[in-house]
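A quick write-up on the structure given underneath.
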Amino acid sequence: MPLRVVGRRALALVRAVLAALCGRLDALCWSLLSHFLPLLGWSWSPTLSTAAPTAGGRWEEWEAETPTPTSVNYHFTRQCNYKCGFCFHTAKTSFVLPLEEAKRGLKMLKEAGMEKINFSGGEPFLQDRGEFVGKLVHFCKQELKLPSVSIVSNGSLIREQWFKKYGEYLDILAISCDSFEEEVNALIGRGQGKKNHVENLQRLRRWCREYSVAFKINSVINRFNVEEDMNEEIKALNPVRWKVFQCLLIEGENCGEDALREAEKFVISDEEFEQFLARHKDISCLVPESNQKMKDSYLILDEYMRFLNCRNGRKEPSRSILDVGVEAAIKYSGFDEKMFLKRGGKYVWSKADMKLDW
């Protein structure tokens with residue numbers, strides 16, 4: 001491995017450790033403020049972004065509207081068995097919250113208004129061979145009674161036994177598939193030796209039908225697949241949604257000095273993305289998402305349950321919701337609730353309401 005790559009990865013690891021320590025230090029500082037400021041006659045709220053005591057001894061509140069976490073994407077692990085060259089949530093840490101702590105955070109999100117949870121990674125089925133995400137899916141559907149529970153996976157580690165055990169609690173399974181040509185998948189980094197990604201996709205489609213799970217496909221359009229015609233294959237698979245993303249650069253994740261990926265060679269222009277969409281305009285389940293739509297319209301929680309703000313082209317973490325609560329943390333998320341609604345972020349996402357022909 002080239003020395004510059006080793007150095008870049010070592011630097012990324014150091015920064016990840018420092019970020020985690022800073023998050024805990026922030027939480028301690030806020031906790032001390034909440035206990036000692038009232039003794040000085042000052043009121044305090046953990047929802048402040050920046051505040052200072054006024055002449056009257058009161059703290060000025062930040063008046064930005066607090067968004068509701070209607071739909072949350074929880075990237076509980078960064079580890080993955082694939083090496084997609086454009087990945088924008090890379091394996092900078094191996095940390096995964098203990099199961100009960102993750103459940104505590106999910107309960108807090110439900111109390112704050114969450115209706116849909118999407119488990120992602122990394123690869124969600126790596127942790128405990130899928131048992132970890134299975135238990136979270138069961139908890140969210142059975143105990144929290146969430147209308148929608150979904151998973152995004154590359155599909156390589158999912159077995160039929162998982163569907164038998166947890167399928168009834170899962171509304172949507174989204175499988176990442178960027179090409180129906182194995183050579184292209186290999187170029188992208190989405191492959192495992194002799195295993196065929198496309199054949200596995202078809203097997204997963206069959207299991208979703210047998211175990212009543214809505215089937216979805218996610219595709220990242222990039223330099224290697226932008227000319228591909230996927231009409232025939234998508235129509236044959238007939239997913240409930242085909243989410244088509246434009247390849248996105250995130251500083252510190254897939255581009256820049258401290259990144260674990262070099263995604264610049266995957267980037268396409270807006271015009272090329274539009275041409276791909278035009279070629280597939282007759283597919284009714286197509287849901288396009290350009291870089292402009294995607295960047296600020298997702299609520300993303302990292303492995304420490306911190307909201308990630310991407311407005312400046314990097315993933316800047318809030319404090320953990322486990323330390324300061326959902327309302328305080330979400331103010332730092334950079335979440336554009338209007339864009340979320342404009343891009344169709346809220347849809348019929350409970351399989352009970354889809355009336356699908358399984």
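The values are calculated or read from the model by the stated rules, or taken from the named source; none is laboratory data. Keep in mind that this is a model prediction, so the values were computed, not measured. Quick reminder, even Gly has a Cβ in these numbers, built from the backbone with ideal geometry, and neighbours come from all protein chains shown. For the accessible areas, the whole protein counts, side chains as well, though only heavy atoms, and no ligand, DNA or RNA atoms are used. Shrake-Rupley method; radii C 1.70, N 1.55, O 1.52, S 1.80 Å.
Within region 311-358, the set of residues being in contact with a Gly (Cβ under 6 Å, 6 or more places away or on another chain) and not in a strand (DSSP E or B) comprises R311, I321, L322.
Quick test for you: out of K265, K281, pick the one residue that is assigned to a helix (DSSP H, G or I), modelled with pLDDT of 90 or more and open to solvent by 30 Å² or more (accessible area, probe 1.4 Å). Quick ask: steps written out before the conclusion?
Details: K281 fails: assigned to a helix (DSSP H, G or I).
So the residue among K265, K281 that is assigned to a helix (DSSP H, G or I), modelled with pLDDT of 90 or more and open to solvent by 30 Å² or more (accessible area, probe 1.4 Å) is K265.
Here are some conditions: (1) surrounded by fewer than 16 Cβ atoms within 10 Å (Cβ to Cβ); (2) within 27 Å of G345 (Cβ to Cβ). F125 meets all but one. Which one does it not meet? With respect to (1) surrounded by fewer than 16 Cβ atoms within 10 Å (Cβ to Cβ); (2) within 27 Å of G345 (Cβ to Cβ), F125 is out only on (1).
Taking only region 342-356 into account, find how many residues are within 17 Å of the chain's Cα centre (by Cα) and either surrounded by fewer than 18 Cβ atoms within 10 Å (Cβ to Cβ) or among the small types (G, A, S) (or both). I'd like the intermediate steps shown before the answer.
Step one: filter region 342-356 for residues within 17 Å of the chain's Cα centre (by Cα), giving 343-346, 349.
Now drop any that are not either surrounded by fewer than 18 Cβ atoms within 10 Å (Cβ to Cβ) or among the small types (G, A, S) (or both), which leaves 344-346.
Of the residues in region 342-356, 3 are within 17 Å of the chain's Cα centre (by Cα) and either surrounded by fewer than 18 Cβ atoms within 10 Å (Cβ to Cβ) or among the small types (G, A, S) (or both).
Residues of region 277-326 that are among the basic types (K, R) and in contact with a strand residue (DSSP E or B) (Cβ under 8 Å, 6 or more places away or on another chain): R306, R314, K315, R319.
Restricting K235, K243, K216, K195 to those that are closer than 19 Å to E123 by Cα and over 18 Å from the mean Cα position of the chain (by Cα) reduces the list to K195.
For the condition closer than 27 Å to S148 by Cα, touching an Asp or Glu at 6+ places or on another chain (Cβ under 6 Å) and not small (G, A, S), what is the one hit in V213, V226, V240, V220?
On the way: V213 fails: touching an Asp or Glu at 6+ places or on another chain (Cβ under 6 Å); V226 fails: closer than 27 Å to S148 by Cα; V240 fails: touching an Asp or Glu at 6+ places or on another chain (Cβ under 6 Å).
Selected residue: V220, the only one of V213, V226, V240, V220 that is closer than 27 Å to S148 by Cα, touching an Asp or Glu at 6+ places or on another chain (Cβ under 6 Å) and not small (G, A, S).
Say whether the condition of being open to solvent by 60 Å² or more (accessible area, probe 1.4 Å), of a type in the set (D, E) and more than 27 Å from S148 (Cβ to Cβ) is met by at least one residue in region 250-259. Even if it seems obvious, please write down each step before you answer.
Within region 250-259, the first condition is being open to solvent by 60 Å² or more (accessible area, probe 1.4 Å), and the residues that meet it are 251, 257.
Now drop any that are not of a type in the set (D, E), which leaves 251, 257.
From what's left, more than 27 Å from S148 (Cβ to Cβ): 251, 257.
Scanning region 250-259, I find at least one residue that is open to solvent by 60 Å² or more (accessible area, probe 1.4 Å), of a type in the set (D, E) and more than 27 Å from S148 (Cβ to Cβ), so the answer is yes.
Yes/no matrix, rows are residues, columns are (1) under 22 Å from P239 (Cα atoms); (2) open to solvent by less than 10 Å² (accessible area, probe 1.4 Å):
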residue: K145; (1), (2): no, no
residue: I151; (1), (2): yes, yes
residue: G155; (1), (2): yes, yes
residue: I158; (1), (2): yes, yes
residue: W162; (1), (2): yes, no
residue: L173; (1), (2): yes, yes
residue: F180; (1), (2): yes, no
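Within region 172-189, residues that are aromatic (F, W, Y) reach partners that are outside any loop (DSSP other than H, G, I, E, B) with beta carbons closer than 7 Å, at six or more positions or on different chains, in the pairs F180/V198; F180/E233.
Just a yes or no: is a residue in region 93-105 open to solvent by 10 Å² or more (accessible area, probe 1.4 Å), of a type in the set (S, T, Y), touching a Gly at 6+ places or on another chain (Cβ under 9 Å) and assigned to a loop (DSSP other than H, G, I, E, B)? No, every residue in region 93-105 fails to be open to solvent by 10 Å² or more (accessible area, probe 1.4 Å), of a type in the set (S, T, Y), touching a Gly at 6+ places or on another chain (Cβ under 9 Å) and assigned to a loop (DSSP other than H, G, I, E, B).
Residue-level analysis places D178 among those that are touching a Cys at 6+ places or on another chain (Cβ under 9 Å), on the phi < 0 side of the Ramachandran plot and not aromatic (F, W, Y).
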